[in-house]
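Just below is one structure, and these are the notes that go with it.
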Amino acid sequence: MSNTQRVAIVTGGTRGIGEAISVALKNAGHKVAATYAGNEEAAKQFTERTDIPTYKFDVADFDACAAAVKQINADLGPVEILINNAGITRDGTMHKMNFEQWNAVIQTNLSSCFNMGRAVIDGMRSRGYGRIVNIGSVNGQAGQYGQVNYAAAKSGIHGFTKALAKENAAKGITVNAVAPGYVETDMVRAVPENVLEKIIATIPVGRLGRAEDIAHAVMYLVDEQASFITGSTISINGGQHMY
């Protein structure tokens, strides 16, 4: 793989899948900015472990995203890699779900892709280079009981990816998505053990994914030599859903 140093932003980049992506990018020689929303202690420990700078802001806030990207440009240089990874869950069946639960997930998981993408796209277009990878989900492809908000947001990411890829393909910018299955993160560990066992039983490879499994695919997509791959979704789910 090529090793030209680039500036990369990873939203939700201090824990779980985001941390694995941040570390992989740094190890490949890139300058990385990891963003987070509120967990100060986790962010502090992350920087101590990795020496990667962190930026605290709400990816659901358009103006906050623009200000943060401006600061990162000043601190590290022009952003040429964007990983839209930030995500939350507010699970519940729709007949019991309130608007706040719906809207929080849509804004954080889906609108954040627009907010961050809008803040970097002009610079990428002017320089004729960019790599954007959006983290979707198997539940955006297959649906999931009790997750109409999450499934809608993640499904939206897949459509957003294809449209943005078409708009920017001629400008040297690729836009792709990765759709993880069930990965060993804090979010998945919060699932009751008996439920998790049933989930693992539906995964043909017989285990949960590792954050590094996702990071590996992201690194493939952001490489300079991946210039002919755009508008694609790579499913990484152990064969649970073949889409």
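Evaluate E = 1/(1 + (r/R0)^6) for Glu212 and Phe99, where r is the Cβ-Cβ distance and R0 equals 22 Å; express this FRET efficiency to the nearest 0.05.
The formula returns an efficiency of 0.05 here.
Could you quote the convex hull projected area for region 156-224, Cα atoms only and averaged over all directions, in nm²?
5.9
I want to check the label-to-label distance for Lys162 and Asp63. Put each point 7 Å from Cα in the C-beta direction and report it in nm to one decimal.
Output for this residue pair reads 3.6 nm.
At what distance in nm do the modelled label points of Lys56 and Met242 sit from each other, each positioned 7 Å from its Cα along Cα→Cβ?
With each label point 7 Å from Cα toward Cβ, the separation is 4.7 nm.
Where is the GNM fluctuation largest for the chain (alpha-carbon springs, 10 angstrom cutoff): Val218, Val195, Val205?
Sorting by GNM fluctuation, first place goes to Val195.
Under 10 °C and 1.306 mPa s, how fast does region 7-235 diffuse according to Stokes-Einstein, given a Kirkwood radius computed over C-alpha pairs? Answer in µm²/s, whole number.
The calculation lands on 90 µm²/s.
Return the distance in nm (one decimal) between the two label points of a simple spin-label model at Thr202 and Gln45, each offset 7 Å from Cα along Cα→Cβ.
3.0
What's the ranking of 177-188, 76-87 by average number of surrounding C-beta atoms within 10 Å, highest first?
76-87, 177-188
Can you order the peptides 93-106, 17-30, 121-134 by their average number of other Cβ atoms within 10 Å per residue, highest first?
17-30, 121-134, 93-106
Which percent of Cα-Cα pairs in region 112-206 sits in each 5 Å bin, short to long?
3, 12, 19, 20, 14, 11, 9, 7, 4, 1, 0
Using 26 Å as the Cα-Cα cut-off, could you pick out the over-long pairs in Lys96/Lys162; Lys31/Lys171; Lys162/Lys198; Lys96/Lys198?
Long pairs (Cα-Cα over 26 Å): Lys96/Lys162; Lys162/Lys198.
Where a number appears in this text, it was derived from the coordinates with a stated rule and is not lab data. All of these numbers come straight from a predicted model, not from anything done at the bench. Cβ coordinates were reconstructed from backbone atoms using ideal geometry, including for glycine residues, and neighbour counts include every protein chain displayed.
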